[in-house]
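**Student:** Before we start, here is the structure in question, set down as structure tokens.
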Amino acid sequence: MANVFNAAEVIDMGIEKEKKRRDFYGAVAEKFTAKEMKDLFTRLRDWEDTHIKKFAEIRDSIEESEATESYRGELASYMKATIDDILYNQVSAGEFGKNVKTELAAIQYGMGFEKDAILFFNELAKYMPAYHKEKVQELVEEEKKHLVFLAELKKKYTKI
């Protein structure tokens, strides 16, 4: 017999990642003085905060038994594996200071976070009922925009 997974727990993993991205973007906005960097990373921070609220709404409205697993913990294990935990472990204040010394490094970390978010939420959407898939897909599209903003900014910092 297949096990029913608790979708709320998986969404909570995504919310925790959103919080880490929000905190990272806030730290970048405070660290660097270039107006373009401050403005973009402040916007990214605020957008991630909005995503946290939207995913909390989805989590709070789902039913526990929306999908099944072939073995207990299958989905949670897979979803955890889709995210580069090393990247997220480097978001703490101490690690941030060690690893993000330049604007370009901040941009590259941000791009990694956005790619992880896109992967995580695309995979999560596969397990959601239709009425939540649309909301999740809207958030994926926003994450894609974030990635494009960061990629455009990266071009400016890599021109020599």
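**Student:** Within the range 123-137, which residues are surrounded by 12 or more Cβ atoms within 10 Å (Cβ to Cβ) and either more than 14 Å from Glu48 (Cα to Cα) or at pLDDT 85 or above (or both)? First the steps, then the outcome.
**Tutor:** Kept after step one, since they are surrounded by 12 or more Cβ atoms within 10 Å (Cβ to Cβ), are these residues of the range 123-137: 123-125, 127-128, 132-133, 135-137.
Glu123, Leu124, Ala125, Tyr127, Met128, His132, Lys133, Lys135, Gln137 - these are the residues of the range 123-137 that are surrounded by 12 or more Cβ atoms within 10 Å (Cβ to Cβ) and either more than 14 Å from Glu48 (Cα to Cα) or at pLDDT 85 or above (or both).
**Student:** Additional query: Hey, Phe32 hits all of (1) among the aromatic types (Phe, Trp, Tyr); (2) within 21 Å of Leu119 (Cβ to Cβ); (3) modelled with pLDDT of 70 or more; (4) touching an Asp or Glu at 6+ places or on another chain (Cβ under 8 Å) but one; which does it fall short on?
**Tutor:** Just one mismatch for Phe32, condition (2).
**Student:** Within the range 64-121, can you find the residues that are in a helix (DSSP H, G or I), of a type in the set (D, E, K, R) and modelled with pLDDT under 85? Spell out the reasoning first.
**Tutor:** Applying the first criterion (in a helix (DSSP H, G or I)) to the range 64-121 yields 74-81, 85-89, 93-99, 103-121.
Still in the list and also of a type in the set (D, E, K, R): 74, 80, 85, 95, 98, 103, 114-116.
Scanning the range 64-121 gives Glu74, Lys80, Asp85, Glu95, Lys98.
**Student:** Among (1) part of a helix (DSSP H, G or I); (2) at pLDDT below 85, where does Glu143 come up short?
**Tutor:** Unmet for Glu143, out of (1) part of a helix (DSSP H, G or I); (2) at pLDDT below 85: (2).
The values are calculated or read from the model by the stated rules, or taken from the named source; none is laboratory data. From a predicted model like this one, the values you see are computed outputs, not experimental measurements. Cβ coordinates were reconstructed from backbone atoms using ideal geometry, including for glycine residues, and neighbour counts include every protein chain displayed.
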